[in-house]
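Just below is one structure, and these are the notes that go with it.
The values are calculated or read from the model by the stated rules, or taken from the named source; none is laboratory data. Remember, it's a predicted structure, so these values are computed and weren't measured experimentally. Here the Cβ positions follow ideal geometry from the backbone for every residue, glycine too, while neighbour counts run over all protein chains shown.
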There are 2 protein chains.
Amino acid sequence: MERLDVKIPGREYPVYVGRGIYGEILQGLLHGLKPGKVAVVSHPSILELHGQYLMDTIAAHKESPVDVLTFTFPEGEEQKNLKTLEDGYRFLLNHEFTREDVLVAFGGGVVGDLAGFLASSYYRGIPYLQIPTTLMAMVDSSVGGKVGVDLPGAKNAVGAFYQPQAVVCDVEVLQTLTKREYGSGLAEVAKYGFLFDQDLLEELETSQQLSQRYEMDQEAIVGSCVAHKARVVASDERDVSGERALLNYGHTFGHALESATHYRLMRHGEAVAIGMIMAAEAAAKAGMAGPELQEKHRKILKPLLGEVNLTAGLGSDALMEDMKADKKRGEEIRFVLLEGLQRPRLVDSLPEEIVEEAITEVMAEMRRAERCH
Amino acid sequence: MERLDVKIPGREYPVYVGRGIYGEILQGLLHGLKPGKVAVVSHPSILELHGQYLMDTIAAHKESPVDVLTFTFPEGEEQKNLKTLEDGYRFLLNHEFTREDVLVAFGGGVVGDLAGFLASSYYRGIPYLQIPTTLMAMVDSSVGGKVGVDLPGAKNAVGAFYQPQAVVCDVEVLQTLTKREYGSGLAEVAKYGFLFDQDLLEELETSQQLSQRYEMDQEAIVGSCVAHKARVVASDERDVSGERALLNYGHTFGHALESATHYRLMRHGEAVAIGMIMAAEAAAKAGMAGPELQEKHRKILKPLLGEVNLTAGLGSDALMEDMKADKKRGEEIRFVLLEGLQRPRLVDSLPEEIVEEAITEVMAEMRRAERCH
């Protein structure tokens, strides 16, 4: 097991990465926090798999009984809304939670984001723990304290920066992920590789086949990604210096893809993977990088997209519109582009033609590949 | 004009106190912040009085036009809820507000609390300014960054700590307050006197008649209170060391009074005034202070309660129940008691009999006084 610290001044916290560790770590954390009540925030489907062990673990954390309650809601990005949040507030109020009690986010990014914002705003903040259950959430959303819910048509439009007490990444839990969900998480791993970490990139590249990827050293991979995330978050928690913004590599294109397809056609990681291919294409067109960069992106990312089917109806127009809408509404339209491997740069104004061409060409390429399946 | 700084490390901000200053100061602040859009959050009734000047001032802050919009909602604590908050999010989204734009809270405590939480959570935080229009908000709620909305039966159950960019206390605006609203604010001024400031107390005492109080040096009074608040907030922003908790003097009893009368029978300051009389009574009963303390409270606070009518139906039982409910739900039941003037102490466990006796006796005394009107 590895322990990494997110060194935000005054709010430093640990991220534990290991296999089969979450029960023991959780007991230790609760022993320290001494809550009277614990609310596990999760989906029913996740608790069906892990709930009994989780409940028993929490209940056993000390001699005197602790109230363990569950607040669950259905899966899906569309559930990360103000309505679910309000249900959460009422749940905590009805069960008389105080600032001495604790929330445990047990799930993927949607659970972590919603539970974190709930914790940040209930009586101005109660402690919470993140136990991510997807590879995506382990390497990205569970660390760094960006929490929130969506408004209709505006992802993460309501939120806060609110750091957890601790994060527990237990790769054992990844066993229950589908191949597709796992691949989506690997796209986010690849992002760290392209931005910061050649070793990570080579490990992904050598185990080209998705089937082999389950054999990777998951602890080492998650540990590397968390270390990168922790470093970036510690130096730019509030996303102001531009350093944290680098983590949005592939995300400007990716968000537009997700939004234009109403979060139904592809997983977040898949959208980010396509987004990174588009970003590499844009970097080439802008004269920032050569074709090797594009090739490397295709080689590493395309195997992760086996199950994506882009509808023929989705055009680059819709994506362009979506990006402009983002710009109008609180989100700046900034691109992270690479000048080479591990050489990221924030680009504030990328000519519209380049953006549009990159989108059009990559979409056409993806559709050709789909027809050949 | 006086400028006081709230010295929270990394988020220091100024509070300006003066007469007839808000137009000029606001222009200067907006010149520095350079927003593309400004949303004034207020009540229709306030904008009827001050709106035109405010809008003209904002619009004139630079040569190029700035979009000035207003988001208003009706008066009343019951409007400080999730529904109004959601309306606010949609308003900002529909008008395409970005993190470069600015909210201006222009009103009393309800406006400031709601606008502040809206600002804290829209895209994880956009800048906001506080221009309090009541004495209560000037000396208390506008400074210190406690923002939020209520849940049914649970005041400030959803909220955050989120500091404004600046606060502008323009005592000229107090002209339009009713006598009753002004008196309610003076109760909060008296609180600072009892806790920290003998001069303030003497000034209140010598101008015994409410009619004379309009003749006080309002700038000096507001300045003294803000200085106390700024000092306490800077040393205990998050309400953890117990120092900020001292500012709840009179509030444990006061909240119970407000809640048991559904926020309809008395203003916040009036409830706090009665709460402080109860606290002095409790301190005497607990053997912490002598009868002089009680007398001083009655002398200074009773003149502020001219228009309060306690219903005969309100018993001490209801108040006790309310305090216990608060305790169960996130709020600790702690009392601030005085061992003498300017000698406050946090008391975690006050015997229930003492609390009940203090409530019963002060309520009976208040009702006798009402009958003699």
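If you go through the range B:257-290 and keep only what is of a type outside the set (A, V, I, L, M), closer than 11 Å to B:Ile354 by Cβ and buried (at least 20 other Cβ atoms within 10 Å of the Cβ), you end up with just B:Glu281. Residues that are surrounded by fewer than 20 Cβ atoms within 10 Å (Cβ to Cβ) and part of a helix (DSSP H, G or I) were ranked within the range A:164-180; the one that is nearest to the other protein chains (Cβ to nearest Cβ) is A:Arg180. Among the residues making up the range A:234-247, those that are in a helix (DSSP H, G or I) and surrounded by fewer than 21 Cβ atoms within 10 Å (Cβ to Cβ) are A:Ala234, A:Ser235, A:Arg244, A:Ala245, A:Leu246. State whether the residues of the range B:74-89 include one that is within 14 Å of chain A (Cβ to nearest Cβ), closer than 25 Å to B:Leu4 by Cα and not basic (Lys, Arg). Within the range B:74-89, not a single residue is within 14 Å of chain A (Cβ to nearest Cβ), closer than 25 Å to B:Leu4 by Cα and not basic (Lys, Arg). Looking only at residues in the range B:138-163 that are out of contact with any helix residue (DSSP H, G or I) (no Cβ under 6 Å at 6 or more places or on another chain) and more than 9 Å from chain A (Cβ to nearest Cβ), the one that is surrounded by the fewest Cβ atoms within 10 Å (Cβ to Cβ) is B:Lys155. The condition (being under 20 Å from the mean Cα position of the chain (by Cα) and at pLDDT below 95) is satisfied by just one residue among A:Gly36, A:Gly76: A:Gly76.
Note on the range B:246-256: residues that are under 13 Å from B:Ile359 (Cα atoms) and among the polar types (S, T, N, Q) total 1. Against the criterion of being surrounded by fewer than 24 Cβ atoms within 10 Å (Cβ to Cβ), closer than 20 Å to B:Val110 by Cα and without any contact (Cβ under 8 Å) to a residue 40 or more places away in the chain, B:Arg231 does not qualify. Residues of the range A:48-70 that are buried (at least 17 other Cβ atoms within 10 Å of the Cβ) and in contact (Cβ under 8 Å) with a residue 40 or more places away in the chain: A:His50, A:Leu54, A:Ile58. Which members of the range A:92-108 meet the condition of being farther than 17 Å from A:Leu26 by Cβ and either in contact with an Asp or Glu (Cβ under 7 Å, 6 or more places away or on another chain) or crowded, with 19+ Cβ neighbours inside 10 Å (or both)? If the condition is that a residue be farther than 17 Å from A:Leu26 by Cβ and either in contact with an Asp or Glu (Cβ under 7 Å, 6 or more places away or on another chain) or crowded, with 19+ Cβ neighbours inside 10 Å (or both), then A:Leu92, A:Leu93, A:Phe97, A:Gly108 are the ones that fit.
Take the conditions (1) within 11 Å of chain B (Cβ to nearest Cβ); (2) modelled with pLDDT of 95 or more; (3) over 19 Å from A:Tyr13 (Cβ atoms); (4) in contact with a helix residue (DSSP H, G or I) (Cβ under 8 Å, 6 or more places away or on another chain); A:Thr70 misses just one of them, which is (1). Within the range A:139-190, the residues that satisfy the criterion of being more than 24 Å from A:Phe117 (Cβ to Cβ) and of a type in the set (Lys, Arg) are A:Lys179, A:Arg180.
Criterion applied to A:Ala325, A:Ala279, A:Ala284 was being part of a helix (DSSP H, G or I) and within 21 Å of A:Leu151 (Cα to Cα), and the one residue passing it is A:Ala325.
Being more than 14 Å from chain B (Cβ to nearest Cβ) and β-branched (Val, Ile, Thr) is a property that holds for A:Val15. For the range B:109-130, taking the residues that are touching a residue at least 60 places away in the same chain (Cβ under 8 Å), more than 11 Å from chain A (Cβ to nearest Cβ) and within 20 Å of B:Leu29 (Cβ to Cβ), the one that is surrounded by the most Cβ atoms within 10 Å (Cβ to Cβ) is identified as B:Val111. Would you mind stating whether B:Ala115 is more than 19 Å from B:Glu2 (Cα to Cα) and within 16 Å of the chain's Cα centre (by Cα)? So B:Ala115 fits the description; yes.
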